[in-house]
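Asker: Structure below; questions to follow.
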Ligand code: PEP
Ligand code: MN
């Protein structure tokens, strides 16, 4: 159920509505919008009726939410969610570019690539320290050491860090350093991990599972919001299909579909979506064209020597070319690229 109240409702009226919800063993979620103040209700709301709220002060409308996902849906919040990072934001008309290697491999490697990306004006550096690998014999990441290097690189370059959490045990360590905590494709339906990231303050980047439908992705996001963390960024990263000419099939259809059903920002990771470096740039362009709020691109100082995902990583030079192309497209779709410094060469 959704209660729509006047935007400038007195605090006392809002609190009365919330108290009634809590008294019925449900949870109120206050969601400010541009036209109305919405109070979403989650929990066993069967006991509550529309009439319970209709006569209350400042209450305009009470609606039943028809979708299984409540807090992530547009019914609950018609306005786009924009996540604030101080000197930049994700969502709305900003086109965000997150870039970096698949993994932190050494102090030198992460400082090298961060320096190059910083020069290009990139504000978000991605790199995994805890890597979910298909084989237990593959490089598993530098773990705590990797997080330490990310903390150092953040201090040195002032970049925002995006890094993956694989389990609840390492979440406290990761969330100290990460500006965005990434939940990977393989953990998209690890519901207890989703509940844990729902309790932290950091924004969460939730990647689509390998065989997850849009509704599955939105329900997973709902787990995070239901715990009180409303700063979730969705990420399309390719799904398994019968097609094998690329590593995955990048399902760009989901971008306009998510935009219709949810207020959350959605970015696209064409690196994992295609798995082959020379297809990353055209699919990044397609992602921008269809309305994505941003891109996540794997870039490595020496892709041939990468310890993970080298075949899909761009060199710095090729990444520069990608940026030049994306920048031209951004204005066509009424988005602004947000660089720390404009140093892209065309
Ligand atoms: C990654 O971003 O490096 C990664 C492991 O992604 P995914 O979870 O999409 O496979
Ligand atoms: Mn990777």
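Asker: On average over all directions, what projected area in square nanometres does the range 2-63 have, based on the convex hull of its Cα atoms?
Answerer: Values: hull surface 14.4 nm².
Mean orientational projected area (the range 2-63, Cα hull): 3.6 nm².
Asker: While we're looking at this one, here's another question. For the residues 26, 235, 102, what sequence is obtained by ranking on other C-beta atoms within 10 Å, fewest first?
Answerer: 26, 102, 235
Asker: Something else now. With all distinct Cα pairs included, what does the Kirkwood hydrodynamic radius of the range 270-331 come out to in Å, to one decimal, could you say?
Answerer: 11.6 Å
Asker: Also, quick follow-up: For the chain, what is the calculated [θ] at 222 nm in deg cm²/dmol (nearest 500), taking -39500 (n - 2.57) for each run of four or more DSSP H residues and dividing by its residue count?
Answerer: Computed mean residue ellipticity for the chain: -9500 deg cm²/dmol.
Asker: Roughly how compact is the range 141-291, stated as its Cα Rg over 2.2 N^0.38 Å to two decimals?
Answerer: Normalised by 2.2 N^0.38 Å, the Cα Rg of the range 141-291 equals 1.05.
Asker: Within the P(r) computed for the range 69-218, what percentage of the Cα pairs occupies the region above 23 Å? Numbers along the way, then the final one.
Answerer: Details: 4358 of 11175 pairs.
Result for the distance tail: 39 percent.
Asker: Compute the acute angle (0 to 90°) between the alpha-carbon long axis of helix 280-289 and the principal axis of greatest extent of the alpha-carbon atoms of the chain; round to the nearest 10°.
Answerer: That works out to roughly 30 degrees.
Asker: For the chain, take the longest principal axis of its alpha carbons; what is the angle in degrees between that and the long axis of helix 214-226, to the nearest 10 within 0 to 90?
Answerer: Helix 214-226 and the main axis of the chain meet at about 70 degrees.
Asker: If you don't mind, there's one more thing I want to ask. On the Cα set of the chain, report Rg and Dmax in Å, please.
Answerer: My reading of the Cα-based Rg and Dmax gives 20.9, 67 Å.
Asker: Using only the alpha-carbon atoms of the range 55-133, report the extent along each of the three principal axes, biggest first, to the nearest angstrom.
Answerer: Computed over the range 55-133, the largest-to-smallest principal extents equal 64, 32, 19 Å.
Asker: Got a sec? How would 118, 260, 166 order by Cβ neighbour count within 10 Å, fewest to most?
Answerer: Values: 118 19, 260 9, 166 23.
So the ranking, lowest neighbour count to highest, is 260, 118, 166.
Asker: Cα axis of helix 11-23 to longest principal axis of the chain: angle in degrees, 0 to 90, nearest 10?
Answerer: With rounding to tens, the tilt is 90 degrees.
Asker: Treating only the Cα positions of the range 104-160 as identical point scatterers, give the base-10 log of I(q)/I(0) from the Debye formula at each q in 0.14, 0.20, 0.21 Å⁻¹.
Answerer: -0.38, -0.69, -0.74
Asker: Cα centroid distance between the range 283-309 and the range 52-83, in Å?
Answerer: 36 Å
Read-outs: derived from the displayed coordinates by stated rules, not from any lab. From a predicted model like this one, the values you see are computed outputs, not experimental measurements. Don't worry about glycine lacking a Cβ; one is built from the backbone with ideal geometry, like all the others, and counts go over all protein chains shown.
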